[in-house]
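Q: First the structure, which I've put down as structure tokens, then a few questions once you've had a look.
The values are calculated or read from the model by the stated rules, or taken from the named source; none is laboratory data. All values derive from a computational prediction rather than experimental measurement. No Cβ is skipped: glycine too gets one built from the backbone with ideal geometry, and neighbour counts run over all protein chains shown.
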């Protein structure tokens with residue numbers, strides 16, 4: 001397991017990331033938002049960008065020895081950006097985020113299965129350039145939802161995947177725009193990814209938020225097959 005040193009103590013990187021996610025969720029639920037100066041009565045992140053900024057500020061505020069980059073250029077595709085990159089002790093950890101809160105029309109509107117597959121594919125393609133990669137899906141649940149419905153909601157969001165026995169599996173195809181030719185006509189290529197029992201690193205609920213974290217390493221990358229060159 002990948003370890004980092006925080007405040008003179010060793011901690012697993014996945015534990016570090018999860019700890020910060022849970023912290024900003026608690027603050028968001030109590031104050032309406034974890035971003036300083038912004039308070040929302042409904043206690044949710046209004047957008048994926050707000051979730052991203054909140055997490056970045058949490059990293060920067062309490063761990064100044066860790067370099068934090070956002071919208072970092074993808075070393076494998078200069079047209080793409082990585083949501084967050086942590087750099088510590090000459091190691092890099094790439095993080096992609098997805099957020100959904102349907103009740104208020106907030107969060108990512110795209111097919112979540114496709115969006116999450118794109119994130120997994122992106123991290124998988126650059127894993128040789130990084131020590132670890134993480135794909136995080138955060139869902140804000142309705143206040144009165146029960147645990148059984150929460151699990152169903154997550155599976156509904158990732159309806160093209162199978163979540164079973166602590167793993168994620170699925171075969172997904174989508175089209176990616178290469179460039180706009182003219183008059184709104186786009187040149188596209190078809191992407192395809194097949195995932196076979198990729199371990200889920202974290203899957204939990206806190207304060208009516210539900211999150212899933214996939215950790216991608218050089219070893220787990222063997223469970224991910226895509227048609228990318």
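Q: Read through the list (1) at pLDDT 80 or above; (2) crowded, with 20+ Cβ neighbours inside 10 Å; (3) more than 22 Å from residue 217 (Cβ to Cβ), then give the number of the only condition that residue 78 fails.
A: (2)
Q: Follow-up. Which count do you get for residues in region 54-75 that are surrounded by 18 or more Cβ atoms within 10 Å (Cβ to Cβ) and assigned to a helix (DSSP H, G or I)?
A: Selection size over region 54-75: 5.
Q: All but one of (1) surrounded by fewer than 14 Cβ atoms within 10 Å (Cβ to Cβ); (2) at pLDDT below 90; (3) touching a strand residue (DSSP E or B) at 6+ places or on another chain (Cβ under 6 Å) hold for residue 219, so report the exception by its number.
A: (3)
Q: Go over the candidates 176, 186, 180, 197 one by one and state the one that is part of a strand (DSSP E or B), touching a helix residue (DSSP H, G or I) at 6+ places or on another chain (Cβ under 9 Å) and modelled with pLDDT under 90.
A: Testing whether each residue is part of a strand (DSSP E or B), touching a helix residue (DSSP H, G or I) at 6+ places or on another chain (Cβ under 9 Å) and modelled with pLDDT under 90 leaves just 176.
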